[in-house]
Structures are given as structure tokens and as C-alpha cells.
There are 2 protein chains.
Amino acid sequence: MTADSSEREWSKSEVRIMEATHRALLRYGYAQLSISRIASELDQSKASLYYHYDSKEDLLLSFLEYVTDQLESNIYTDNNESPSQELERFIETLLPLQLDDDESQLRAAMVELRSQAVMDEKFRKQFTEIDDRIVNHLERIISKGIGEGEFRNVDSTRVAEHMFATISGVMCNRATTNRENALA
Amino acid sequence: MTADSSEREWSKSEVRIMEATHRALLRYGYAQLSISRIASELDQSKASLYYHYDSKEDLLLSFLEYVTDQLESNIYTDNNESPSQELERFIETLLPLQLDDDESQLRAAMVELRSQAVMDEKFRKQFTEIDDRIVNHLERIISKGIGEGEFRNVDSTRVAEHMFATISGVMCNRATTNRENALA
């Protein structure tokens, strides 16, 4: 399978900025994140970041796109898997059973970023795209499984939406409560 | 069925403050909410609110408890329902098919409040309690349905956790995207 058509090319300098944003998010959390801190991670001036991005918001919107591209390219690697293996790996990528501290923190930051979408139309548009991509991806796996006779003949759109809602809920609840018995 | 044991008594003045907080949240949104604005809704001074609550955070934690109590008391009203009717009404209360603007805004504010729990231990503790209460409630309905032979003999804890994760995901995704086809 090839990369998803919605993935775009990232230049080397963009990737460096995205990786620096990732490190700064882990170090300071969403609330304390600033362009200066991202610039420090890069050993560059704030001005060099403003050359690429108009604002912190603009940079974070790119970061969300980058994370989604990373997620999709992590997933599209193995051609020899059956649809059920592919589905299992997709879910395990979104919801690992064990998360190390950095992974937990990145996911927590994603929940905070998502909450920006309640009031901010640009974040809302970005999360609409992200969710569409993930649901489409799930749907493709399910349809393939039905086509190959591995899955029952379900409504793949409904099942994909349902699975995605459950995954989102677990992600959000893990990041915002101390509950241990949330769905594994 | 009687009220849940975790519900507490709310004094008249507490209820007035909670209702004023609700109105202020709808009027200004979470980001613009302040003790002054809540006091204005009440035609009272800020000082009178600080008599009851140490901080805005403290007031919002009470508000979360109040909303959860309201949710539970809305649900525990009809003794003549079957478990499946009760379950349906519970889900319809959490996830109405149609939301008016005020209901959408309150739910959106709840998503913003929840995101505070990523970094703030008090909010985290409060949402842990809220989620426990909702999952326990779901579990009681499911167990009752199994006991009365209306539902299949499933693991009621697992099913309740799964249902709650799905409901949370739909709530969160509705508040943060423009996607129309999210699970009804």
C-alpha cells in the first residue's frame, strides 16, 4: 500500500521545526509552549520561525498535520498483513496498552490542542480533517477485510465511526482522569 | 430507584450560584468566564462569591459536581421503565440527537473544562469521580437488564466502559470538529 494521498512533502527545515515543537511540548506542556521555547530547541532565533509560520497557532496547526502524517506513515509499512492484523496494529498505534512518559505527554498535549478547537475555527477545521483521515483509514481496512471475506459484511462507515469514537473517548479519558479500568 | 448516594444536598444559595455559572458559561464561554461575570449574573459582589468559593477553580469544580448531580437526577425519575428504555434514555440524555445552541455550548464548555484535567490534579480528580459515577450508573442498568433477562449475559463492567468511551468520544468530537457523520 502506498502513502495516503493526503500526506504532503515536508522539507528538511520543516521537519526540524516540527521535531523541535514536539520536544518543546514534552518539555513544557501545551500551556507553557511558546515560539521562543521552540526556537531555543532549534538553537535558532524566533525570527527564523516567523519566517516559516505567521503565529504560534499557525505552527501548531502544521504540527497537528505533521503528527497525523507520521501516524499514517507508521501504519502504512507492511504489505503482507491481513486486514485484521492491519486493524489491530492501527488500534495499537492509536491506543498502545503501555505508554511511556513521553508518549503519554504527547497524547495529553493532543487533548489540550483538541480543546482549542471548541472555540477556534482553524483548529476545528484541522481536527475535522484529521478525524476524516483516521475514519477513512479505518474504513478502508474494514472494507478490505469484508472484500477478502475476513470480516463480516458490516456497514464499514458506521463501524469505522463507532470504532473511532471509542478510540477518541479512551484517549481523552486517559488524559483527563486517573481511572485505571478504562477500556484496554 | 432512589437518587444516587454520591449526590449531595445543594443549598439554595449554592444552586443560585451554579445556575449563574451556567448562564455565564453560555454567555461568555469558558475562556472568558470570570468570577466578576458570574457575580454580575447574580447581581452580587465578587466578595459574596469568594465567601462560598476560594477561587474560580474551586467554583468550577463545584459546577462540575452540580452538572453531574443534575444529569443523574434527570435520569432517576421513572420507575416503570424497562432496563432497555432506561439505557436508551440515559444515552439520549448524554448524547441527544438534536442539540439546541445552549446545550451545544454547555457541552463544548465541558470539553474545555475536561482539558484542564490534563494538567490540573483537582480537575483530574473531579473528572475521575464523574466518569466513575457515569460508568457505575451504566453498569447498574446493564446488570439489571441481565438479571431481568432483557439483555444478553455480557460482562457488564466491560460493556459499560466501552459504551462510556464511545459516548465520550462522540461528545468530544462533536465539540471539536465540523464532522456531520459522527456516530448518532
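Coordinate-derived values only; no laboratory data. Fair warning: this is a prediction, and the values are worked out from it, not measured in the lab. Cβ sites come from the backbone with ideal geometry, for glycine too, and all protein chains shown count toward neighbours.
Cα centroid separation, region B:89-118 to region A:83-147: 21 Å. Using a 7 Å projection from Cα along Cα-to-Cβ, the label point at B:LYS46 is separated from the same position in the remaining copies by 2.9 nm, smallest value first. Normalised by the number of residues in chain B, the mean separation of alpha-carbon contacts (under 8 Å, six or more apart) gives a relative contact order of 22 percent.
Axis of helix B:56-75 versus longest Cα principal axis of chain B: the two differ by about 30°, to the nearest ten degrees. Between 0 and 90 degrees, the angle of helix B:12-28 with respect to the longest Cα principal axis of chain B falls at about 90 degrees. With 21 Å as the limit on Cα-Cα distance, the pairs of B:LYS56/B:LYS122; A:LYS12/A:LYS125; A:LYS122/B:LYS125; A:LYS56/B:LYS122 that go past it are A:LYS12/A:LYS125; A:LYS122/B:LYS125; A:LYS56/B:LYS122. Per-residue mean of foreign Cβ neighbours for A:15-24 is 0 (Cβ atoms of other chains, 10 Å radius). Backbone phi angles across region B:113-127, fed through the Karplus curve with coefficients 6.51, -1.76 and 1.60 (θ = phi - 60°), yield HN-Hα couplings of 4, 4, 5, 4, 5, 4, 10, 9, 5, 5, 5, 4, 5, 5, 5 Hz in residue order; Gly and Pro are listed as x. Sequentially through region B:100-110, phi angles give Karplus couplings (6.51, -1.76, 1.60; θ = phi - 60°) of 7, 4, 4, 5, 4, 5, 5, 5, 5, 5, 5 Hz, Gly and Pro residues having no value and appearing as x. Stretching B:SER55 away from B:GLU148 to a fully extended chain increases their span by 28.8 nm, per 0.36 nm per residue minus the current alpha-carbon distance. Over all directions, the average projected area of the alpha-carbon convex hull for chain A comes to how many nm²? If I average the Cα hull's projected area over directions, I get 11.5 nm².
Computed about its Cα centre, the charge dipole of the protein assembly as shown is approximately 800 debye, with only Lys, Arg, Asp and Glu carrying charge at their Cβ.
Sorting the Cα pairs of the protein assembly as shown by distance into bins of 10 Å, from 0 upward, gives 5, 21, 30, 25, 14, 5, 1 percent per bin.
Remark: region A:56-176 carries a charge dipole of roughly 380 debye about the Cα centre, counting +1 on each Lys and Arg Cβ and -1 on each Asp and Glu Cβ. How far, in nm to one decimal, is B:GLU121 from itself in the other copies if the label point is set 7 angstrom along Cα toward Cβ? Shortest first, please. Spelled out, the distances from B:GLU121's label point are 4.1 nm.
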